[in-house]
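The values are calculated or read from the model by the stated rules, or taken from the named source; none is laboratory data. In this text the structure is predicted, and so the values were computed from the model without any measurement. Neighbour counts run over all protein chains shown; Cβ positions are idealised from the backbone, glycine included.
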Amino acid sequence: MSAFFFVIETFAVLLLGYVLGAVVNYLADVLPRARRLSPAYCHHCQQSYSWKEYLLLRDCSSCGTRRSRRAYIVQIVFSLLTLALWLWPPPDRLPLVVAWGVLFYFGVVFVIDWEYRVVLYQVSAAGAVLGAGIGIWLNGWRSALLGGGLGFGIMLVLYYLGEIFLRWTARRRGLEVGDEVALGFGDVTLSGVLGLMLGWPRIGIGLLFAILLGGLVGGLYLLWLVLRRHYQPFAALPYTPYLLIVAAVLMYLA
């Protein structure tokens, strides 16, 4: 009998992850374009999807355009990650429901940044509310607010230092920088949100390892571009994925 209930619970958790993945896909489809909640629609013919078509990943009923590969990947990955958190729950101080909420928020940030290279202010604002609630509950209000302030402040300093270095290097080489930046401002706001969640001093540890991880992966990527002769000066390296990965590990280990 226990095996039967385990199968039922497993199915329910997988279904929850599937729905969470669908909501992540919805926000990634509408927020970068409309900057607000609006009906999801086919990007080829502009026909709106019904909730059933969208949830079941059906092709557009008007023009037959298939859903993006990202939509399938996100909903499958979210189903598996939601199940993994259920099977191997985080420490007691981080309840499973909260861990699922953090996973959902991280997923929205990651997918939008991966596809559009932007961390939306609307998402950061929602994350600040979520992060403050989680951080104050887990670490106390002093640790949460100090972590949020220092997370934002440290990355803001790095943001301006990167901009100064970029312009100085361009001037020496006689090149135009244009709109390129060494560090996106979205990474700054995200660091503030993660600081609220992690508190101080864990946000300091998180930023250190995120920068080291980003530098390592970015260095290998630039080397690969040089070897293929596709290197472009002043190419920005996104830090959002590394910030999220390190923060997720720290929150899971608690």
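General observations
- All positions within region 29-56 that are polar (S, T, N, Q) and within 19 Å of V108 (Cβ to Cβ): S38
- Odd one out for L57, checked against (1) loosely packed, with under 15 Cβ neighbours inside 10 Å; (2) touching a Lys or Arg at 6+ places or on another chain (Cβ under 7 Å): (1)
- In the set L150, L138, L103, only one residue is without any contact (Cβ under 8 Å) to a residue 60 or more places away in the chain and surrounded by 15 or more Cβ atoms within 10 Å (Cβ to Cβ); that residue is L150.
- Qualifying positions in region 19-65 - hydrophobic (A, V, I, L, M, F, W, C) and touching a Pro at 6+ places or on another chain (Cβ under 9 Å): V30
- Options V30, V74; residue that is out of contact with any Ser or Thr (no Cβ under 9 Å at 6 or more places or on another chain), at pLDDT 90 or above, within 20 Å of W114 (Cα to Cα) and surrounded by 14 or more Cβ atoms within 10 Å (Cβ to Cβ): V74
- The one condition in (1) part of a helix (DSSP H, G or I); (2) over 19 Å from A125 (Cβ atoms); (3) modelled with pLDDT of 90 or more that A170 fails to fulfil: (3)
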